[in-house]
Structure formats: C-alpha cells, structure tokens
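Everything below concerns the one structure shown next.
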Amino acid sequence: MEGDSAPAAGLEDRPYRRIATEEAWAPPELFAEYRRILDSGEADVGFASLMGYFLTSSHPQPRTVVERLTSLGPDRLAAMDATGIARQVIAMTAPGTQVLDPDTATAMARLANDRLAEAVRDHPDRYTGLASVGLEDAGTAVEELDRAVNQLGLRGLMVNSHVKGQYLDHPRFRPILEKVADLGVPLYLHPQTLPGPVVGPWQEAGLDGAIWGFAAETGLHLLRIITSGTLDRVPGLRVVVGHLGEGLPYFAHRIDHMHAKQVASGRYEAIRPLEQRPSEYLRTHVWLTTSGMPATLPILFAREVVGRDRVMYAMDYPYQYEAAEVAEQDALPIPDEEKAAFFQGIAEEVFGIG
Ligand code: CA
C-alpha cells in the first residue's frame, strides 16, 4: 500500500476495503477563478459567503481545507492511510464549474478531468474519479462527459446542485442526463449554497452552509428530479446523493401523502401523476452515501427506507476528516456481509470499480 502513515487506533484492517465515495478536490486554477469572481464584486451572495470564507478567512480550518483540496498526491494518500481509507471516489468540490461563465466552465472541466484522470492513473488502487462538465452548454457537456468516461476512465458525473438557479429537471439539461444514463455511470448530486434570491434568511442566521442550508437545497433538487417525472423520462438515470439523502428519507411518508393529494386536486401545474410514488424512486433510482452523517440510528433508518443495498460509506474529505467517524461506522450493528457491502461492495457496483 502506498503511503506510510499507520491508521489511527481502532481503524486497523477489516475484512473489507473502505471506499469513501464523496471526496473532494479542486485544481488551483478553479480557486483562481473563484478569487477573480469574488474580487469582481459581482459574486452571487451565497457563493460570496461560502467561498469568501474558504478563500479569504485567516482561520486555520478553511486554510487547511483549501490546502488539502488542491492535493491529489502524498498528502491525500497519507490522510487516507491515517483513517484506514483504501480508496476515495473523488470529484471537483462545490460549486465546481457552476458559477463560471459557460466557456470558462467548459475549459475548467476539461482541465480538471484531465488532471484527475492522471491522478487516477498514478494511483489506480486508491483513486476513482468523477467527471465535471460545463452544464450550461449541453452539447459540449455531452461530448466532454463521453470523453471523460470513455477516454479518461472517469466513473460518473458530479453536479453541485443548482446551475445559477436552475435545476436538472429543466429540459435544457435533458441531453446530459440521457448521456449519463447511456454511459451507465451514476450522477452524483452534491450540495452547494442556495441561490442568491433565497439565501438571505438562511445567511443572516448563519444556517446557509452544511449545517442545514445545503441539505434543504439539495433535497429540493432531488425532489424536483423525482416530482417533475424526470426519472420516468430518463429511466436509466442512477442518482447518488450524500448526507443520507438530504432529509428526504425522513419525509418519505409525508411527501407521498401530499403528492397524491396535490395530484388529485390539480393545484399545481408542475405536480402530475408519476409512474411510482415519489418515495419509491429512492428505492429504484437513488443511492445514498453517509458523507458527514456518521451517526448510527439515521444510517439504520435510511437503510430501511431506501434499501440496505443502497446506502454506502462516504467521509466528505477534507471537509469532515474525522477518524472517529470511520470507527463509528465500522461499529454499525449490521451483519458482516452487509457491512462489507456498505463500505465496499455497493460502491464498487455503482461506480464500476474493479
Ligand atoms: Ca461534500
């Protein structure tokens, strides 16, 4: 095994390889673009709050995160070794290309895909990569996704929630979703800050970030994909979502109940009959990861709602780099074969590893 850091106490080898499935990186060129946007004074208010913090704060926590994000080399491998992580599934950090102008987004995605693929080639036993694209230009995005998967060997598409206030149920994104399905790779739907027009009340309370705002934004996004009928129109689309489903499993009954009432009443143009109840799509098209959500009871609950074969481990490196959280999930009170699937087997299947 590469790297020479011993794992922390309690994280010795297990009968499974731990695959962490929502792990972030960023090319330094991306942060240079973010800085340029921040300096321009024209940044979206949510972006300015999040990236202003990470890129201009003098506090050691964000500085360490930014340093770790930009490394795909020995630092990252040592951090994995120290927490017993055999493999990371790596994607460009939020908001990725989604705040850039369309041409810059396309160029940044190509650069990032090339560089991530190179790191995967250097460390094929340790890294799996997900592609980025410039989502606003669907034609170019489809070409780049094809290149990233078929030529570079990346194993899915990362989308960091809304695209300048638009969501993936919008018809403009349909060719991209169809391409993801055709390629047989998953779409990873990851948070970013709420769009500028709605972030105000969240930000004034300090609740716009990972503490709650991200989940509200990304849960909305996944629910829109479901209730819009997008998964009926692109039935081969497989969606991976972090943070144990961004709250949706807990709301499954209420979502189904209210959706049926709204269909019956015809109250909303956007709410139409679906082929399944909304929560059933969580059992047919969606996989969850435990990024940032290591607590035992919510994991056990989510597994019962979406299926024991649909919940897999993630750390959320480098944002939530906590050895104790790995140990907590090693101790999940589930059968050995289910734990091996949770840490390894499900990720291998969903991301086509090995
Ligand atoms: Ca994350």
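FYI, it's all coordinate maths here, none of it is from the lab. Note that the structure is a prediction, hence the values are computed from the model and not measured. Cβ: placed from backbone, ideal geometry, glycine included. Neighbour counts: every protein chain shown.
Using θ = phi - 60° in the Karplus curve 6.51 cos²θ - 1.76 cosθ + 1.60, the 3J(HN,Hα) couplings for the stretch 116-133 round to 5, 4, 5, 5, 5, 5, 5, 9, x, 7, 10, 10, 10, x, 10, 7, 10, 9 Hz; x is entered for Gly and Pro. Report, for the chain, the % of DSSP beta bridges that are antiparallel, rounded to 5. Close to 5 percent. Each Cα pair under 8 Å and six or more residues apart adds its sequence gap; the mean of these over the residue count of the stretch 19-351 is a relative contact order of 18 percent. Hey, how much of the P(r) for the chain falls beyond 33 Å, as a percent of Cα pairs? Of all Cα-Cα distances in the chain, 24 percent exceed 33 Å.
Summing +1 for each Lys or Arg and -1 for each Asp or Glu among the other residues whose beta-carbon sits under 11 angstrom from that of residue 149 gives 0. In terms of packing, defined here as the mean over residues of other Cβ atoms within 10 angstrom, the peptides 254-266, 22-34 line up highest first as 22-34, 254-266. Close amide H pairs (under 5 Å, H built 1.01 Å from N) link residue 161 with 190, residues at least 5 positions away or on another chain. Between the amide H of residue 99 and any residue lying 5 or more places away or on another chain, no distance stays under 5 Å, with hydrogens modeled in the peptide plane. Separation of the stretch 299-353 from the stretch 5-19 is 14 Å, based on Cα centroids.
In sequence order, the stretch 260-271 has phi-based couplings of 4, 5, 5, 4, 5, 7, x, 5, 10, 4, 6, 9 Hz under the Karplus curve 6.51 cos²θ - 1.76 cosθ + 1.60, θ = phi - 60°, and Gly or Pro positions carry x. Throw me the Rg/Rh for the stretch 211-354, computed over C-alpha atoms with Kirkwood Rh, two decimals. Rounded to two decimals, Rg over Rh is 1.00. Ellipticity at 222 nm from helices only: DSSP H runs of n ≥ 4 in the chain, each -39500 (n - 2.57), divided by the residue count, give -13500 deg cm²/dmol. Computed from backbone phi with θ = phi - 60° and the Karplus coefficients 6.51, -1.76 and 1.60, the 3J(HN,Hα) list for the stretch 235-251 is x, x, 6, 10, 10, 9, 9, x, 6, 6, x, 6, x, 4, x, 5, 9 Hz; x is used for glycine and proline. The amide H of residue 89, built 1.01 Å from its N in the peptide plane, has 20, 21, 22, 23, 128 as neighbours under 5 Å, considering only residues 5 or more places off or on other chains. Its Cα centre serving as origin, the chain has a Cβ charge dipole (Lys and Arg +1, Asp and Glu -1) of approximately 820 debye.
Qualifying chymotrypsin sites (Phe, Trp or Tyr not before Pro) in the stretch 204-302, where qualification requires a DSSP coil assignment and no more than 10 other C-beta atoms within 10 Å, comprise 268.
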